[in-house]
Structures are given as structure tokens and as C-alpha cells.
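Asker: Below is one structure. I have some questions about it.
The values are calculated or read from the model by the stated rules, or taken from the named source; none is laboratory data. What you see is a predicted model, and the numbers here were worked out from it, not measured in a lab. Don't worry about glycine lacking a Cβ; one is built from the backbone with ideal geometry, like all the others, and counts go over all protein chains shown. Please note that ligands, DNA and RNA were not included when accessible areas were found on the heavy atoms of the full protein model with its side chains. Shrake-Rupley method; radii C 1.70, N 1.55, O 1.52, S 1.80 Å.
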Amino acid sequence: MKIDRRSFLSFLIGGGAGTALSPLPWKLMDDSSIWTQMWPWTPVPEDGEASYVNSACTLCPGGCGITVRKIDDRAVKIEGMKGHPVNNGGLCILGLSGLQLLYGPTRVKTPLKRVGKRGQGSWEKISWKDAISEVAKILSDLRSTGQSHTVGCISDSDRGTVPRLFERFLTVYGSPNLMRTSSIIDSYELTLHLMQGVQASPGFDFENADFILSFGSGIIDGWGSPVRMFRANSAWRNTGGKIIQIEPRLSNTAAKSDKWIPANPGTEAALALGIAHVIIKESLYDAEFVDNYSAGFEDWKRFVLDKYGPDSVATITGIDNTTIIALARSFARASKPLAICGRGQGTTPGSLDECTTVHALNALVGNINKQGGIFAVAEPDYINWPEVEMDATAAIGMQKDRLDGAGSKKYPFSRYLLNRLPQAINSGEKYPLKALFVGDANPLYTMSDSKAVKKAFDKVPFVVSFSSYMNETAQNADLILPNHAYLERYEDIPTPPGMPKPVISLTRPVVEPQLNTKHTGDIIILLAKAMGGNIADAFAWNSYDACLKETLGNKWQVMIKKGFWSYPDFFVQTHEESFDTISGKFEFVSKETGSLKQFKPVNIEGDKTNYPLLLMPYDSIRLANGVIGNPPFVMKSVDDTVLKGNNVFIEINPKTAGEQGLREGQLAMLSTPVGKAKVKVHLFDGIMPGLVALPRGLGHTAFDDYLAGKGINFNELIGPVEDPVSGLDTAWGIRVKLAKV
Amino acid sequence: MKHKKAKKYGMVIDLDKCTGCGSCMVACMAENNVPFRKDESNKLLSITWMRVYKLTNGKPFPNTDICYLPRPCMHCEGQHEGHSPCVTVCPAIATDYNIETGIVSQIYTRCFGCRYCMASCPYHARYFNWWDPVWPDGMEKYLSPNVSPRMRGVVEKCSFCFHKYQLAKEKAFMKGRRELKEDEYQTACTQACPADAITFGDLNNPNHAVYRMAKPDPKHHGRPTNPHAFRLLERLGTNPKVYYLSSREWVRRAGDNYLENESIAKKPAHHE
Ligand code: SF4
Ligand code: SF4
Ligand code: SF4
């Protein structure tokens, strides 16, 4: 340390001189010399002036506010921002490790162009100018030959200025193929559309709810906005709020819940119907809401009373009928009950039936758009850009069917169906994808059936990644145009999933860009300008920062000062005005989709004879499984019953393991209809017999030596199963076989 | 000038709130320049000043239960103040009991790596540096100047973020104050915990939250009188300054390695 002892000393004495003479400075100096001595052969962190910068974390959609401690121009620690509406001071394990990403070896240091075979890892540096003109040339060629619609873009979000710039670019260029990474939010948006007639995201007022009926949602395992959920969970401990957790494995959420009810996997919707049955039969529902503001109740009631008595539901779910009845009663009688779904972290959308049924439970107890209930939250309308002027090419391109089939005759209600893209490309049934932009997303890792996804990517002749880090998708791209890391750039972070009130946070540069990177927003603008014509006209901004500042208008100053913008005037609509369905009411049975179908378990892949067991993923907050992989610190927190060396453990009930002749710590070969992997066995009493659980978030091939090559990517073992109504992926598991090796 | 009573800094960790998320572990690593290696799955070699243990009740499905237990250094007071198990065995006086704060220090420059302290610590809170720390090129930029990186051959452990105490004292001193307010000195793990499961403060100060939560009994070496509170391995008489709260009896029993049929001494039986 350039600790200049003399100045340190005079600083203290100088401070002391104004106050009474005291032995304290001497004591402090002594301690300080004890605690901060250095050796020449370990790094000596330079001392300097300490300062703090408020910003926002972007490592997951959680949208936490952060405060970064700096010493001169170095960022030395990330802390949670006090007073931020999402996390108020707390932070998750990944957010706390952010500096290992900023300064870490996984950063893409400069624009790169592939030279060897795809995925081989041979790159050459390319200047920004050349890189952008190369993309512009390929896009212009496609456009001039009437193939504008063969350009696609994948992004984790469709909100906020950067995704909206991508969307704007594709629109004026002429492609309908903007695709969002799917999650439970897709199912919820569809549910709100079908039952309430609105285009909105779900907002759960957990802070005011007192009885949470969770159909497998990992409330403290990373579901929703993770830190907000941790906080809500602690608040329930203080206020006596209750959580009932329904899932076949004792997750952290189940362990912390007030009651854990293991249901047969995949039968959650049937349980919801059984609960509805009891509530209706015993007239425990909110008649005020149901009679005045709902439609289709009589039909639904008949259906539920007919088929879903506690006895038949007990047979389907494996939960005894008295438990079902008691659960229904306590849910209906609670003062602020709230039912939620989305397994684990909610990374798979699940069946639409399940989501609508769980939502119907909320309607039964009348907690739609009500304190302690679920709100339909419209996207804040701060992005008001002038309409783009589309030329004929753009208009023709935009009218083409989407490649993923969203909005088609088969799946008219869905907006994005990224899960269907690999199959659409591989089958070649519609048209080929000629160029693909991957924004803030890592589909090659996060999409299920990795092999099929890889095959599809291989068929796309031109893949551009905008990733700041060398992730799996970047590794297999033709061109990488690295974005600034989140601690080096401005960006708006729109309302995190599940927040009942809109809030926009501001990510801002904490340090200067460390490498030869460029803001993705600037790249889009530069690209548009390079393309010229209408496309350039749609992007009249000089830079992304100018665009952001102009877009945020008077919010900008507030956000610079506070770090976020919350909507003070956000108000709750009355029941009269909040439903925009055909009936103008909450529809228990959507008039758009029509008939009621009996509960059918999701058809998961594999036959019982060859694959006697069931494999399910599990999510842990200590294993990042989205666009970012675990940094070294987070890897350190992974238990040795999850990962040992490069081997991942499966969890299995001791009884089932015994039947399969497997012991603790033994190696086994796990095979599903989709893939195979060598794993180690960990016996866990908390998992239902017959099940095998494998964590998500491991098995990376990209990132650094601290992460790559460890464990298995769950997505290599499972493929998507389409929901008949939404087309979204409903697979919660797959059949599996385990054999000793 | 009135002589102020010495501080006894300590921690109360509410296991009902702790979610096992691991934020405390990483906040500590980030705050204290803790090194990392390519394989951290051998937990005997993995340096974690704060480590979150997973306890299970050992019952078969579906009566299984898990509880997470974060374990920093306990900063044991021993039977007489300063008779911590590690302090008494260190031949180099490299680990010392600070009477002013109750914090057990580790002075790396004095430590010559005999690891007696590790053998005597019943909580496995101490770690040995078998290698010099290595940060990937460029990553040493985030190292904090407030905590010196350690070298091969020395023992390290949780310091209750002692440098934060020093910084807080300096700041207060500049304002002409000698006493720290409760929120002025808070450890990194406490601040980061998203569940607010960790509370830190002066166990000698009845106005501090830790005191109210643990209700330490000064006549019995600070043994908690809150029926939900316990200390790890209470019966060893190490008198730790870290207290745990749990409403689940099996967790409280696990905290002191109780035998299956043994009843917990001097505590009312509780639900569950
Ligand atoms: S929850 Fe998400 S947004 Fe919040 S700190 Fe963690 S990674 Fe960042
Ligand atoms: S940060 Fe808090 S909730 Fe998370 S493991 Fe540590 S004590 Fe438990
Ligand atoms: S008190 Fe400080 S040193 Fe101790 S575990 Fe917590 S963060 Fe680490």
C-alpha cells in the first residue's frame, strides 16, 4: 500500500487537535499497523480517496439498486442501495460478486471476428468501424433481395430502451422476428390477456399479503425479483404471514415455509382445481367479486364441482383429501391470500392451464387488483419515440409470419415463442434464418435441448453477439460486438418481474470503460446510420446516452440523484374499469379460447419401461443460470454435496437409490431420451421417492476456468414440450434412467 | 472523564429468517480480499471466513427439514475474558483478544503457520493459506486497501470486519465523538444479508438490538435467556459472542450436538 504512514499519522493528529487530547489516535494507529501490514510478494492494494456511486444491477432481471465503493478510480466493493424500492440495502450473492465480472477474465476485450471454425475459439481483432460496416453490408444485401424477415434478434427482455432500440431497428428494417427469452412471465401475461383482457405483467403485492399459496415457486430460491422476495419472506416472519409450498422436493423455500406439501410432480393444476372445488362447494369465495365482476363462473363452477372433488384430486396429486380441504379453507379464510405459480426461479413458462387455474384461485378470493393481491401492471410508457416510417420493404417484411409461430393461427395469443425457434430452423418448414443478433441473452446455454439449439445455430449463416462476456453464445458467434459492462454504462432498468408498482432504475457508469467496448445502444444507432435511408432516419440520436436522456425527460435528473424513478401517481383501477375482455369482466373461462378442458398432466418425454424415474431441475440462488454464469466467489459458495471437482451430484431419495443399487457418492450414468451424463449420487431424504433432481446453472463450456467444465447443463438432458394453447414450453421434467458405472 | 465500559461486540443470527442464500459469505469475501482458486469444492481447503452450513433433521420423506446456519468466527470470550481456545494456544501471540471490543484478532505478520489455533478452534472458523493468493490478471483492481491480502503460510479468519470498526472510530473521532452509534459499525455480512437475518452490535449495551434479541445472562457468561436463542456448543464453555435464534427445537439441539433423547438443559420445551 502506498500508505504513507507519516501522512496517515498527521491526519489523525490533525483531527485530534481540534478536540480534547486523547490516547485514541495512538491506539488507532497501533491497530491499523497491526491489521494492515503488507508483504511485498502479495498484491498491495493502493490506497486513495474513497467514494460511492449509486447504480443498478443488471446481472438478473431483479433490478436491485447498488452502491459501489470506489478507491480513486477503482471499484472495490458492491453493496445494496439503501432506500431502493426493490432491495433496500440487501443484495444477492451474484450481485455482490459483480466486480469479478467487471475486472474478470471472461470479458470480451475488443470486437472480435471469427477466423477458425465456429466455436473453435479462434478470433481476430476487428475495428469498430469495420465490424459495423460488415454487419451493415450483410443486412443491406439481405434487405435488397427481399429477405429482411430472415433477420432475427434474441433478447432476455423486451422492455427498456435497449431492447426497444432492437425492436425499432427490426421494424424499420423489416423483420417481425424479435424474440424474448421465455419464462413464467409469458404464461402470466397470457393469463392476464385471456382472463382480464389486458396487456400487462403480473404484479404481486407480497408485502401486504399474509397467506402465500405457492405452486412450486422458489420464493427464496430466486423466483421473481430475488432480493425483494427474501425481504418479503423475512417480513412474513415478523408479521406472522404464512407460506404453503407445494412441490415434490424440499427446496429452501419448502424448508422455510410454514407447511410443505409434496404433490406428485406435474399435478399442481389439479390441486388448484381441487382447492377451487372446496372453496366453491363450501361457499367460501368472495361473492361480491364473483357475482359482480366475473363472467363464466357458472360454467367453471359446474366443471370444477363435477370433476375435482377432494377424493379424485387426492388420487391425482397424492395429497390426502383432508389436507386438500384444510388447505382450501385456510386459503379462503385468510385475510390477504395470494396464490402464485412458476416452478423454481420461473425460468420455464409451464402449462397455461396451470397458470390460469392458479389465477382463478385469486379471483375466487377476490384479490385481483387489490392490496395484498395480484395486479395487472402495464408497462410504464416513458418510451415515446416518434413512429418509424416504414418503406415498402419494411412493410412486406413485417407482414411475414414470425419464424417461432407466435401470433400464428395455431398460437394466436402468444407474443414470443423462442422455445419453438430451433425446431423451426431445423425443420426448415417456413423460411431460413439468415442472420441473428443476440443481445443480452445466452440462448445456447439457457434453452432446453442444447443439441438441437446448437444445430439450429449452426444453420444460421451469420450470428452476432453483443455480450460483454465470453458466454456460450458469444463463443459460437461469427462476430462479437462487446457491450460495456453494466458498471461502465448508462441504461434504464425497467420494472423487475412481479413488482406491483412500476419502478425504473438507472444503471450508470461507476468506472470508465476498461476495454475496447461499445454500448449496444450506440452500435444499433451506428448500424442504422450506416444503413441509411428510412432506417437512419428512425435513429436520429447522436448517441445512446443522448437517446436515453431525451427519453427519460424530466425523470433523468431525479434518477441521477436518487438512482431510480418510482411512479408516485400509480393508482389502482377499480373493478369496473380494469377488465377489457369480451364480457368486460374477469373471465373464469376465456371467451377467446372457449371450452373447458379436463386436467391432463403435461406429457413429459420418455416411457416408463426404459426410463423408470423422473428427472427434475432445481434452482438455487447460489447457481446463476441465466445470461451470467457463476463468478469465482459464487462458485466458492457451492456446497460439496452439489459439486465435487468436476462432478455434479444428483439428489435422490435413499429408498429409490437403494432400489437402484446406488450409494452416496457413487458415480452413475444418467440418461434421458434427450441426453446422457455422468453424475454422482447424493442421498437426500427431502425428495419424493422416484424422483431425481439436478441443479441448474452448471455445465458451462464458456466463461472462465473457475466455472467451465464443471457439472452438467440441465438443458442437455431435456427438450421442450409445447403447450397446446400457448405453444410455450411446459416441460417440468423428463423421464430418466440411472445406472451404476 | 467518565470511563466507558468496554464493548462486547457480538452477533445474533436469526435462523428462521436465514434463507441460505450465501450473500453473507460473498460479502465477506469481497470486503476482506479473500482469495479463491479454480477448484473450491474441497471445503477443507476453501477459505470462507463466513461459511453457511446446511443442517438436516435426519428424518425420512416427507418429514425431512433443513436449516441453514451461517458460521463466522465466534470471537469466544472463554471462561475468563480473553481465554479463547485459539488465543491461549498461539505461541506467537498472533491471535489476540481485544479487551476494548471483545474481538479476537489475527495478526498475519506474526503468524508463522503452526496451526495450533486451527486445531483448538471447535468451530472450524480458521483457515490456512496453503498457497499464495492469485488473482486473474486485472482482477486485483478490486482489492480493498483496508484489508491486507494474506500470504502462503498464515492462518486467517473472520475479524468482525475490524477495519470497519477502525474506520468508524476515525470518522466519529473527527466529529469529536468517542462513542460509536449502533449503526456506525456494522459488519459486511450484516449489511449484505438480504433477509435481515444477521444483527450486529454491542452485547454489553442494553439499547442495542443484539442485547434485546439474545438477552445474555452476565452471571452465566452471557448464556442467552431468550428461550429461542442458543450458542454453538454451549457446553464447551467457550462463551461465543455469536448467538442463534430458531423456533425449531431440532435446530437448537443440533447447535449443541445433543443426543437424541437428551433434554435441553434449563430451557423450556418448545413447540415443533
Ligand atoms: S437479485 Fe439480480 S438484480 Fe439483484 S443483486 Fe442479484 S443479480 Fe443483481
Ligand atoms: S446472507 Fe443472510 S439469509 Fe443469506 S445465508 Fe447469510 S445469513 Fe442467511
Ligand atoms: S463479520 Fe466481517 S469478517 Fe466476519 S464473517 Fe462477517 S463480513 Fe466476514
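Asker: Rounded, prolate or oblate: pick one for segment A:330-461, where a ≥ b ≥ c are the square roots of the eigenvalues of its C-alpha gyration tensor, a/c under 1.5 means rounded, and failing that, prolate if a/b is larger than b/c, else oblate.
Answerer: Prolate shape, in that a/c is at least 1.5 and a/b is the bigger ratio.
Asker: Same structure, new question: Considering amide H positions built from the backbone, and no H for Pro or chain starts, which residues 5 or more places from A:A56, or on another chain, come under 5 Å of its amide H?
Answerer: The answer is A:I66, A:T507, A:R508.
Asker: Moving to a separate point now. When the scattering of segment B:100-178 is computed by the Debye formula from its Cα atoms alone, each counted once and equally, what is log10 I(q)/I(0) at q = 0.11, 0.18, 0.20, 0.23 Å⁻¹?
Answerer: -0.40, -0.90, -1.01, -1.15
Asker: Would you tell me the accessible area of A:H575, worked out with a 1.4 angstrom probe on the heavy atoms of the protein chains, in Å² to the nearest 10?
Answerer: The accessible area comes out at roughly 40 Å².
Asker: Sticking with this structure for a sec: So how do B:7-13, A:256-262, A:304-310 stack up, highest first, on mean other-Cβ count within 10 Å?
Answerer: Order by mean packing, descending: B:7-13, A:256-262, A:304-310.
Asker: Still on this structure, please answer the following. May I ask you to compute the full-extension gain from A:Y431 to A:K307, defined as 0.36 nm times their residue separation minus their alpha-carbon distance, rounded to one decimal in nm?
Answerer: Difference between extended and current length: 40.2 nm.
Asker: From the phi angles alone, apply the Karplus equation (6.51, -1.76, 1.60; θ = phi - 60°) to segment A:42-58 and give each ³J(HN,Hα) in whole Hz, x where the residue is Gly or Pro.
Answerer: 10, x, 10, x, 6, 8, x, 7, 8, 8, 10, 10, 8, 8, 9, 7, 10
Asker: Considering only protein heavy atoms and a probe of 1.4 Å, how much of the accessible area of segment A:83-194 is carbon and sulfur, as a whole percent?
Answerer: Whole-percent figure for carbon plus sulfur exposure: 52.
Asker: Over the Cα atoms of segment A:461-618, what radius of gyration and what Dmax do you get, in Å?
Answerer: Rg, Dmax (Cα atoms, Å): 23.5, 64.
Asker: Quick check: net charge around B:A197, other residues with Cβ under 14 Å of its Cβ, Lys/Arg +1 and Asp/Glu -1?
Answerer: Result for the local shell: +2.
Asker: Straight-line reach from A:K549: which lysines have Cα under 29 Å away, leaving out those fewer than 8 places along the same chain?
Answerer: Here the lysines satisfying the reach criterion relative to A:K549 are A:K70, A:K77, A:K82, A:K109, A:K129, A:K501, A:K518, A:K529, A:K561, A:K562.
Asker: Rule-of-thumb check for segment A:266-330: C-alpha Rg over 2.2 N^0.38 Å?
Answerer: 1.10
Asker: Further question: What's the lysine pair count for segment A:228-338 at a Cα cut-off below 19 Å, pairs eight or more apart or interchain?
Answerer: The result is 6.
Asker: If you don't mind, another one. Please find the FRET efficiency linking A:S127 to A:D580, where r is the Cβ-Cβ separation and R0 is fixed at 51 Å, and quote it to the nearest 0.05.
Answerer: 0.50
Asker: Then there's this: Taking only DSSP H segments of four or more residues, each worth -39500 (n - 2.57), what value at 222 nm results for chain A once the sum is divided by all its residues, to the nearest 500 deg cm²/dmol?
Answerer: My calculation for chain A gives -9500 deg cm²/dmol from helical runs alone.
Asker: For A:71-84, what's the mean count of beta carbons from other chains sitting within 10 Å of each residue's beta carbon?
Answerer: Averaged over the peptide's residues, the number is 4.
Asker: So how long is each side of segment A:206-372 along the principal axes, counting just the alpha-carbon atoms, biggest first, in Å?
Answerer: Here the spans come out as 41, 33, 28 Å, largest first.
Asker: Then there's this: Can you pull out the cysteines in chain B that have no other Cys Cβ under 4.7 Å?
Answerer: B:C18, B:C21, B:C28, B:C67, B:C76, B:C90, B:C111, B:C114, B:C121, B:C161, B:C193
Asker: Moving to a separate point now. Just to verify a number: what accessible area does A:D291 come out at with the full protein assembly present, 1.4 Å probe, Å² rounded to tens?
Answerer: 100
Asker: Is segment A:651-701 rounded, prolate or oblate when judged by the Cα gyration tensor, a ≥ b ≥ c being the square roots of its eigenvalues, rounded requiring a/c under 1.5 and prolate requiring a/b larger than b/c?
Answerer: Note, shape of segment A:651-701 comes out prolate.
Asker: Under the Kirkwood approximation applied to all pairs of distinct alpha-carbon atoms, what is the hydrodynamic radius of segment A:527-572 in Å?
Answerer: 12.7
Asker: Could you tally the net charge around A:K454, taking each other residue with its Cβ under 12 Å from the Cβ of A:K454, Lys/Arg +1 and Asp/Glu -1?
Answerer: 0
Asker: How far apart, in nanometres, would the label points at A:K501 and A:M669 be if each is projected 7 angstrom from Cα along the Cα-to-Cβ direction?
Answerer: Here the answer is 5.8 nm between the modelled labels.
Asker: Continuing with this model, one more query. Add -39500 (n - 2.57) for each DSSP H run of 4 or more in chain B, then divide by its residues: what number comes out at 222 nm, to the nearest 500 deg cm²/dmol?
Answerer: Counting only the DSSP helices, I get -4500 deg cm²/dmol.
Asker: Rounding to the nearest 20 debye, state how big the charge dipole of the protein assembly as shown is about its Cα centre with +1 on each Lys and Arg Cβ and -1 on each Asp and Glu Cβ.
Answerer: Rounded to the nearest 20 debye, it is 2740 debye.
Asker: Sort the following peptides by mean Cβ neighbour count (other Cβ atoms within 10 Å, averaged over residues), highest first: B:184-197, A:396-409.
Answerer: So the order, starting with the most tightly packed, is B:184-197, A:396-409.
Asker: Under the rule of at least 5 residues apart or a separate chain, name every residue whose amide H is placed under 5 Å from the amide H of B:C76.
Answerer: Distant-sequence amide H within range of B:C76: B:K241.
Asker: For chain B, report the accessible area per residue in Å² (1.4 Å probe, heavy atoms, rounded to an integer).
Answerer: I get 41 Å² per residue for this part.
Asker: Further, regarding this structure: Tell me: how much accessible area in total is hidden between B and A, 1.4 Å probe, Å², nearest 100?
Answerer: Chains B and A together bury approximately 7200 Å².
Asker: Still on this structure: What's the whole-number percent of alpha carbon pairs in segment A:613-740 lying beyond 24 angstrom?
Answerer: Considering segment A:613-740, 28 percent of its Cα-Cα pairs are separated by more than 24 Å.
Asker: Here is a further query. If you roll a 1.4 Å probe over the heavy atoms of the protein chains, what accessible area per residue do you get for segment A:206-372, in Å²?
Answerer: Accessible surface, normalised per residue, equals 29 Å².
Asker: With the Cα gyration tensor of chain B in hand, convert its eigenvalues to equivalent ellipsoid semi-axes via √(5λ) and list them largest first in whole Å.
Answerer: In descending order the semi-axes read 29, 24, 19 Å.
Asker: How far is it, in nm, from the label point at A:V53 to the one at A:I396 when both lie 7 Å from their Cα along the line to the Cβ?
Answerer: Distance between label points: 4.8 nm.
Asker: From the C-alpha coordinates alone, can you work out the Kirkwood hydrodynamic radius of segment A:397-534, in Å?
Answerer: By the Kirkwood definition, the hydrodynamic radius is 17.2 Å.
Asker: Using the beta-carbon distance between B:Y116 and A:S330 and R0 = 60 Å, what value does 1/(1 + (r/R0)^6) give for FRET efficiency, to the nearest 0.05?
Answerer: 0.60
Asker: For the residue pair A:K591 and A:E288, what label-to-label distance in nm results when each label sits 7 Å from Cα along the Cα-to-beta-carbon direction?
Answerer: 2.6
Asker: Please report the net charge: other residues with Cβ closer than 12 Å to the Cβ of A:T323, K and R +1, D and E -1.
Answerer: Summing Lys/Arg as +1 and Asp/Glu as -1 gives +1.
Asker: For A:T593, B:T19, what's the largest-to-smallest order of accessible area, 1.4 Å probe?
Answerer: A:T593, B:T19
Asker: How large is Rg/Rh for chain A, to two decimals, with Cα atoms and a Kirkwood Rh?
Answerer: Rg/Rh: 0.98.
Asker: Compare A:R333, A:R143 by solvent-accessible area with a 1.4 Å probe and give them largest first, with all protein chains kept in place.
Answerer: Of A:R333, A:R143, the descending order of accessible area is A:R333, A:R143.
Asker: Do any of B:K43/B:K169; A:K636/A:K676; A:K409/A:K608 go past 30 Å between their Cα atoms, and which?
Answerer: Where the Cα-Cα span goes over 30 Å, the pairs concerned are B:K43/B:K169; A:K409/A:K608.
Asker: Follow-up. Could you give log10 I(q)/I(0) at q = 0.13, 0.17, 0.29 Å⁻¹ for segment A:591-658, computed by the Debye formula over C-alpha point scatterers of equal weight, without solvent?
Answerer: Once normalised to I(0) and log-transformed, intensities are -0.67, -0.87, -1.35.
Asker: Next question, about the same structure. Counting alpha carbon pairs within less than 8 Å and at least 6 residues apart, what relative contact order, in whole percent, applies to segment B:9-254?
Answerer: With pairs under 8 Å counted, the relative contact order is 27 percent.
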